[in-house]
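Here the structure comes first, spelled out in C-alpha cells, and everything after it is commentary.
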Amino acid sequence: MLGIHHMAACELTQISNLNTLIIEINSQVALFRDLLMHIGQSRDCPELREKIRKLRRSCVEACKHTTQLIVPQVRTAVAEGILTDNPHLVLLFYLSQLFLRELIKSHRLIQVIPMDMSGYYENRAGPSNLGNVISQILLCKTITPDFNEEELCSITKDSQEIARLLQDMQEYMPQQETYLERPMALNTEVNGPWPAKRRRGSIYKNMGLLCCVSRPNYL
C-alpha cells in the first residue's frame, strides 16, 4: 500500500514539474515574440539584440529538456499498447511550432535590419568567439566578431533543432478529432449546426489549450 502511495506521489510531482516547464516555455515564446516586435523600432539597441539572443537560447534548451522528459514516457506507453492522449506533449508540440515560426521571423529580421554590435562587445566576449580566437592564432591578427552573421548561423541551427523535436513529437500526436481543431471550424460561424449545449461543451474542452498558448497577462 505504501508503495502505491509513493508511486502516486511521484507521478503527481512529475506532472507538477511538467506543468511548470510548459508554463515557462509558454512565457518565453510569448516574450521572444514581443521582443522581436521592437526590432527596427525606437527601442531597438544592442542590449535588446543580446537579450533576444539569450532568450532564444534559453527557450531552445527548455524545449529540448522538456521533450526529453515527455517523449520517452509516451513512447513507452505506446509500446505497452496504451494510446491515451498526453496533454503535455500536445501543448509542447504547439508551443514548439509557434517558436519555430518566430525563429524563422527573427532570422529574416536580422538579415533585413542588422545591428552594429562592435561597441557593445568591445569590452566583453561575443556570443560565440571560439572560431575567431582560433583564426586569430593562425593568422596572427585580430578579427572582430560579426554578431549578425553568428546570429544567423545560430538561429539556423536552432531552427533545425526545433524542427527535429517537432518531428519526434509528431509521431505520437493524437489524431485531431475535435471540431475546433479542424480547418473547417475557421469557416463556421459561432451559431453553427451544433446545439447550444454541445457547442459549449466542445469550447470548454479546448479552453485549457487556448489559455496555455495565449500570451501571459504581465507582458
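Per residue of the range 60-68, what does 6.51 cos²θ - 1.76 cosθ + 1.60 with θ = phi - 60° give for ³J(HN,Hα)? Whole Hz please, x for Gly and Pro, Karplus curve as stated.
Per-residue couplings from phi come out as 4, 5, 5, 5, 5, 4, 5, 4, 5 Hz.
Tell me the net charge near Ile25. Cut-off is 11 Å between Cβ atoms, Ile25 excluded, with +1 for each Lys or Arg and -1 for each Asp or Glu.
-1
What full-extension length gain, to one decimal in nm, is calculated for Lys54 and Asn19 as 0.36 nm per residue of separation minus the Cα-Cα distance?
That works out to 10.3 nm of additional length.
Report the residues of the range 81-104 in range of a label on Ala163: point 7 Å along Cα→C-beta, backbone N strictly under 13 Å from it.
Of the residues in the range 81-104, 100-101, 103-104 have backbone N under 13 Å from the label point off Ala163.
Under a Cβ-Cβ cut-off of 12 Å, what is the net charge of the residues other than Cys59 that fall near it, where Lys and Arg count +1 and Asp and Glu count -1?
Taking every other residue near Cys59 into account, the sum is +1.
Suppose each label sits 7 Å from its Cα in the direction of the beta carbon; what would the Arg43-Ile104 distance come out to in nanometres?
The answer from the label model is 2.6 nm.
Which value, in Å² and to the nearest 10, is the accessible area of Val71 when all protein chains are kept and the probe is 1.4 Å?
In the full protein context, Val71 sits at about 10 Å².
Sticking with the crude label model, points 7 Å out along Cα→Cβ, report the distance from Asp34 to Glu171 in nm, one decimal please.
Result for the modelled spin labels: 3.7 nm.
Using a 7 Å offset from the Cα along the Cα-to-Cβ direction at both Cys153 and Glu80, what is the distance between the two label points in nm, to one decimal?
4.5 nm
Quick check: net charge around Glu102, other residues with Cβ under 12 Å of its Cβ, Lys/Arg +1 and Asp/Glu -1?
My count for the surroundings of Glu102 gives +3.
The values are calculated or read from the model by the stated rules, or taken from the named source; none is laboratory data. Quick caveat: nothing in here was measured; it's all calculated off a predicted structure. Note that each Cβ is placed from the backbone with ideal geometry, even for glycine, and that neighbours are counted across all protein chains shown. Accessible surface is based on the protein model in full, side chains and every heavy atom, while ligands, DNA and RNA are left aside. Shrake-Rupley method; radii C 1.70, N 1.55, O 1.52, S 1.80 Å.
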